[in-house]
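Q: So that we are looking at the same thing, I have put the structure below in structure tokens.
The values are calculated or read from the model by the stated rules, or taken from the named source; none is laboratory data. All figures in this text were calculated on a predicted structure; none of them were measured in a lab. Neighbour counts run over all protein chains shown; Cβ positions are idealised from the backbone, glycine included. Heads up: the accessible areas ignore ligands, DNA and RNA and are worked out on the full protein's heavy atoms, side chains in. Shrake-Rupley method; radii C 1.70, N 1.55, O 1.52, S 1.80 Å.
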Amino acid sequence: MKILIIGSGGREHALAWKLAQSPRVEKIFTAPGNAGTATLGENVPLSAQDIPALLAFAKSKSIDLTVVGPDDSLADGIVDGFEKENLRIFGPCAAAARLESSKIFAKEFMRRHGIPTAESREFTDSLEAHDWCKQARFPLVIKADGLALGKGVIIAQTPLEAALAIHRSMDLGVFGDAGRQVVVEEFLEGPECSLHALVDGENTCLFPEARDHKRAFDGDTGPNTGGMGTVSPVGALNPGLQKRIQTEVMDRFLAGIKADGLKFRGMLFPGLILTANGPKVLEFNCRFGDPETQVLLRRLKSDLLDLLEACIDGTLAQQTPQWDDRTAVCVVLASGGYPAAYEKGKPITGLAAAEAEPGIILFHAGTRQTGNDIVTNGGRVLGVTALAADVQTARDQAYAAADRIHFDQCQRREDIARS
Ligand code: AMP
Ligand code: GLY
């Protein structure tokens, strides 16, 4: 089969790496891809947002299956466009992907279907939001309604911080249209957990849990990022919790999409906080996580292509994915300054030495080949991913390999998988 992967991050490199292992895959194209995906097939110089051009490409190359990485391509209706032309594509249609692209829509969906989540209020008028915050309990969480590259969530400790967050998002428009409406919600306490589940419309297939480290700096300080590192498994879910998540989140989600007439076939990735009162959903993502995918796919023993196709065909009930019991750890190397402004084009050295370390696969993210050099080309540059018998060894291996890699102003966290 010929596969087209849409996107250019570490997640897409991990998807290409795993799909390349399927005996049924004959060629992988990635649009636009990075220096890592180029080694597994062919990069196509098309933007992940250029749906008409991607559609024309898929037709011209007789692509058998397209797999979508980024949320904005889904929100823009790439799946609807491909399906209209009878092209096979993995991911939810735009109406269902709104569960990620509008936090207000997601909150209303969760309330309607009894899915446990933080208490919240939604605002389209900034004066009302300011007024409401005056009598609220702190800390409070202020979230831009739309997609903001993982940066649209502010945890306000004081009324002044809340007022500033509301002003910046709603009045100044620092997140563009995505932040003109906001969700203000209670701050939840407890360990965080990233879940992934394939959904075929009738069934869900839960993956093992992972944990992301979203803040930029050690000790969970600094601004939120797309994710600075991941670990799986986490050991946070006992069988009782797992059962609650299945019945209170997954089963109610399935019943909800059916009741609302939403066609959801793809990956559901709920972010959860495990509170003293049980699991609560922070958000629904409608795609593979980045860098969660890097650790999950290192642990997946089954053929990913079979799973993606079962999702599209509605035969997920017949699949039982097999998982490696070992622990995977992914340490992200980012450009200095990320998630704010950063420079690109810095030459990267030590990649081969890093990859020669035991247990390591390097997943490229913001990288680009120029001549004989690989240079930085984005905020998150590489995901150094180890797989080992226990978390300590996996951590040590990932950091030993990361130490081999150099580029000017490389930024990373030192405490991935430590908490
Ligand atoms: P989200 O994009 O909604 O997942 O939020 C990004 C990050 O902000 C989450 O991974 C949490 O670390 C934090 N966060 C979001 N909502 C809450 C909340 N209600 N309580 C505590 N932390 C939150
Ligand atoms: N790592 C978090 C995300 O992909 O949204």
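Q: Would you mind finding the one in Thr320, Thr349, Thr385, Thr370 that is surrounded by 21 or more Cβ atoms within 10 Å (Cβ to Cβ) and not hydrophobic (A, V, I, L, M, F, W, C)?
A: Numbers: Thr320 fails: surrounded by 21 or more Cβ atoms within 10 Å (Cβ to Cβ); Thr349 fails: surrounded by 21 or more Cβ atoms within 10 Å (Cβ to Cβ); Thr370 fails: surrounded by 21 or more Cβ atoms within 10 Å (Cβ to Cβ).
Of the residues listed, the single one that is surrounded by 21 or more Cβ atoms within 10 Å (Cβ to Cβ) and not hydrophobic (A, V, I, L, M, F, W, C) is Thr385.
Q: Residues in segment 375-413 that are of a type in the set (A, V, I, L, M, F, W, C) and closer than 22 Å to Pro339 by Cβ: how many? Can you show your working first?
A: Of the residues in segment 375-413, the ones of a type in the set (A, V, I, L, M, F, W, C) are 375, 381-382, 384, 386-389, 391, 394, 398, 400-402, 405, 407, 410.
Now drop any that are not closer than 22 Å to Pro339 by Cβ, which leaves 375, 381-382, 384, 398, 402, 405, 407, 410.
Matching residues across segment 375-413 total 9.
Q: If you don't mind, another one. Condition (residue is hydrophobic (A, V, I, L, M, F, W, C) and away from ligand 2 (no atom under 16 Å from the Cβ)) applied to segment 218-233: is it met by at least one residue? Can you show your working first?
A: So in segment 218-233, the residues hydrophobic (A, V, I, L, M, F, W, C) come out as 228, 231.
Checking the rest, the ones that are also away from ligand 2 (no atom under 16 Å from the Cβ) come to none.
No, segment 218-233 contains no residue that is hydrophobic (A, V, I, L, M, F, W, C) and away from ligand 2 (no atom under 16 Å from the Cβ).
Q: So which strands (runs of 3 or more DSSP E) stay within segment 186-262 end to end and still have 1 or more residues that are in contact with a helix residue (DSSP H, G or I) (Cβ under 6 Å, 6 or more places away or on another chain) and modelled with pLDDT of 95 or more? Steps first, answer last, please.
A: On the way: elements: 192-194, 197-199, 204-206, 215-217, 221-224, 229-232.
By residue number, 197-199, 204-206, 229-232.
Q: So, one more: Please specify each residue of segment 119-130 satisfying the condition of being open to solvent by 90 Å² or more (accessible area, probe 1.4 Å) and of a type in the set (D, E, K, R).
A: Going residue by residue through segment 119-130, those that are open to solvent by 90 Å² or more (accessible area, probe 1.4 Å) are 119, 121, 124, 127-128.
Glu119, Arg121, Glu128 - these are the residues of segment 119-130 that are open to solvent by 90 Å² or more (accessible area, probe 1.4 Å) and of a type in the set (D, E, K, R).
Q: With respect to Met1, determine if the residue is open to solvent by 10 Å² or more (accessible area, probe 1.4 Å) and among the aliphatic types (A, V, I, L, M).
A: Working: open to solvent by 10 Å² or more (accessible area, probe 1.4 Å): yes; among the aliphatic types (A, V, I, L, M): yes.
So Met1 passes the test.
Q: Name the residues in segment 160-185 that are within 16 Å of ligand 2 (Cβ to nearest atom) and either among the small types (Gly, Ala, Ser) or part of a helix (DSSP H, G or I) (or both), would you?
A: If we filter segment 160-185 for residues that are within 16 Å of ligand 2 (Cβ to nearest atom), which is where we start, we get 175, 178.
Within segment 160-185, just Ala178 meets the criteria.
Q: Which members of segment 238-287 meet the condition of being more than 16 Å from ligand 1 (Cβ to nearest atom), open to solvent by 10 Å² or more (accessible area, probe 1.4 Å), hydrophobic (A, V, I, L, M, F, W, C) and out of contact with any strand residue (DSSP E or B) (no Cβ under 7 Å at 6 or more places or on another chain)?
A: Within segment 238-287, Ala255, Ala259, Leu262 meet the criteria.
Q: Are there any pairs, at least 6 apart or on different chains, whose C-beta atoms fall under 9 Å, with the first in segment 31-44 and more than 18 Å from Gly345 (Cβ to Cβ) and the second of a type in the set (Asp, Glu) and in a loop (DSSP other than H, G, I, E, B), and if so, which?
A: That search, which allows pairs on different chains as well, returns Ala31/Asp50.
Q: Can you tell me which residues in segment 135-166 are in contact with a Pro (Cβ under 8 Å, 6 or more places away or on another chain) and open to solvent by 40 Å² or more (accessible area, probe 1.4 Å)?
A: Phe138, Leu149, Gly150, Lys151, Ile155, Gln157
Q: Sort out for me the helices (runs of 4 or more DSSP H) sitting completely within segment 1-81 that have 2 or more residues that are under 21 Å from Cys311 (Cα atoms) and among the basic types (Lys, Arg).
A: On the way: elements: 10-19, 51-60, 71-75.
Passing ranges, in order: 10-19.
Q: So, one more: Yes or no: segment 287-297 includes at least one residue that is closer than 25 Å to Phe187 by Cβ, modelled with pLDDT of 95 or more and away from ligand 2 (no atom under 11 Å from the Cβ).
A: no
Matching residues to (1) in contact (Cβ under 8 Å) with a residue 24 or more places away in the chain; (2) among the acidic types (Asp, Glu); (3) not in a strand (DSSP E or B):
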site: Phe109; (1), (2), (3): yes, no, yes
site: Leu127; (1), (2), (3): no, no, yes
site: Asp131; (1), (2), (3): no, yes, yes
site: Ala136; (1), (2), (3): yes, no, yes
site: Val141; (1), (2), (3): yes, no, no
site: Gly146; (1), (2), (3): yes, no, yes
site: Lys151; (1), (2), (3): yes, no, yes
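Q: So the check is Cβ under 6 Å with 6+ separation or different chains; which pairs have a first residue in segment 181-194 that's open to solvent by less than 10 Å² (accessible area, probe 1.4 Å) and a second one that's within 10 Å of ligand 1 (Cβ to nearest atom) and polar (S, T, N, Q)?
A: Val183/Ser120; Glu185/Ser120
Quick grid of which residues meet (1) acidic (Asp, Glu); (2) closer than 23 Å to Val153 by Cβ:
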residue	(1), (2)
Ser335	no, yes
Gln369	no, no
Asp373	yes, no
Arg412	no, yes
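Q: Please verify whether segment 380-396 includes one or more residues that are more than 17 Å from Ala14 (Cα to Cα), out of contact with any helix residue (DSSP H, G or I) (no Cβ under 9 Å at 6 or more places or on another chain) and at pLDDT below 95.
A: No: zero hits.
Q: Could you please give the count of residues in segment 153-180 that are in contact (Cβ under 8 Å) with a residue 24 or more places away in the chain and touching a helix residue (DSSP H, G or I) at 6+ places or on another chain (Cβ under 8 Å)?
A: Adding up the residues that qualify gives 11.
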